[in-house]
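For reference, the structure discussed in these notes is given below.
The values are calculated or read from the model by the stated rules, or taken from the named source; none is laboratory data. Keep in mind it's a predicted model, so treat the numbers as computed, not measured. Positions of Cβ are backbone-derived with ideal geometry, glycine not excepted, and every protein chain shown enters the neighbour counts.
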């Protein structure tokens with residue numbers, strides 16, 4: 001199953017169609033925090049695809065649990081463009 005998020009941005013912003021796949025066996029929280037006045041946060045279940053549009057400079061934070069506690073990973077959205085990563 002895929003979750004889709006297409007936020008409205010001003011017309012002068014370029015956007016990428018991006019895809020994050022939770023390849024872990026645990027639930028993760030995906031969040032974009034570095035774009036002012038813009039909110040994107042979703043729960044991504046194991047093996048789920050999360051499709052979203054984001055500006056080229058956006059970063060996706062992935063928060064999850066590990067055996068030793070909480071983890072955080074930051075992925076530039078430019079690396080998650082559908083043409084490169086969502087297979």
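Please go through segment 25-41 and pick out each residue that is out of contact with any strand residue (DSSP E or B) (no Cβ under 9 Å at 6 or more places or on another chain) and in contact (Cβ under 8 Å) with a residue 12 or more places away in the chain. Answer for segment 25-41, where residues must be out of contact with any strand residue (DSSP E or B) (no Cβ under 9 Å at 6 or more places or on another chain) and in contact (Cβ under 8 Å) with a residue 12 or more places away in the chain: just 25. Meeting the requirement of 2 or more residues that are surrounded by fewer than 14 Cβ atoms within 10 Å (Cβ to Cβ), out of contact with any helix residue (DSSP H, G or I) (no Cβ under 7 Å at 6 or more places or on another chain) and at pLDDT below 90, the strands (runs of 3 or more DSSP E) wholly within segment 1-84 are 2-5, 59-66, 69-76.
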